[in-house]
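Read-outs throughout are calculated quantities, based only on the coordinates presented, and are distinct from any laboratory measurement. Everything quoted here is computed from the prediction, not taken from an experiment. Note that each Cβ is placed from the backbone with ideal geometry, even for glycine, and that neighbours are counted across all protein chains shown.
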Amino acid sequence: MSNDLAAVDAVAGVSFTAGRFWFWFAGQRWEWSGEAAALHGYPAESMTPTMDQVLGHKHPADRAAVAEVLDAMVRTGQAFCSRHRIIDTGGVERQVLVVGEQMRDEAGAVVGSTGYYIDLTAAAARDRAEAIDEAIDEVLPEVLVARAVIEQAKGAVMAMYGVSAEQAFNVLSWRSQETNTKLRVLAGKLVAALREFAGGSPQTRTRFDHLLLTAHERPDPSSAEEDSRHGEAAVREQ
């Protein structure tokens, strides 16, 4: 079980952890790498949790949705992704992104799923977007040349996974390091390959059509934030 991921350091001192998993459809057998086990609060060594144990760590509010994702994975054998919360053995809540791809046997048959748990907790707890931008300007000047395509890739990850800009950058940085591919190269390939999607589903396009046509009616983000601060101040004064 080589190439398991330990803590991955992103720019500006933000770190996140990724651990690998393997899931065999036959017998619904799981295996976690040491990093995945540690993420759930167990000793940092590979282990074989049961399905009940895997689901038991999901946040109660997210458990049913995750169970549906896993059921669809078993029925269709397709790749999947899920962003949800887990509760470790110490009662600590963590935000994770779970990404799985098809696992095939020697004959090419799909026999399960393998992928990664990515811990987004640290990034979610700290608003470091500005610090990351400063670090990019100072430490990664080569990124500036391809800043536009990296921003496009970040936007795609944000839209697909429903994560923040900082979390999207962390995911791209992780894949860059895991595949030994420069960030700007990886981002360029990702953006180019998105054309193969030929747009989103009809339902997604319909929702976006409505948003595009009504976006001008929405409050300015900075104004809404200012109004929220004033409202909070008024409540404190009462």
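Between Leu194 and Arg63, with labels modelled 7 Å along Cα→Cβ, what's the label distance in nm to one decimal, could you check?
Between Leu194 and Arg63, the label points sit 3.7 nm apart.
To the nearest 0.05, how large is the calculated FRET efficiency for Glu217 and Met160 if R₀ is 35 Å and r is the Cβ-Cβ distance?
That pair, Glu217 with Met160, gives E of 0.85.
Can you compute the label reach from Met47? Point 7 Å from Cα along the Cβ direction, backbone N cut-off under 19 Å, restricted to the stretch 53-96.
Inside the label zone: 53-60, 85-96.
Set the Förster radius R0 to 41 Å, insert the Cβ-Cβ distance between Glu106 and Thr206 as r into 1/(1 + (r/R0)^6), and round the FRET efficiency to 0.05. Display every interim value, and only then the final one.
Working: r = 44 Å, r/R0 = 1.06.
Approximately 0.40, to the nearest 0.05.
How far, in nm, would the chain grow between Thr76 and Trp24 when pulled straight, counting 0.36 nm per residue and subtracting the alpha carbon separation?
17.4 nm
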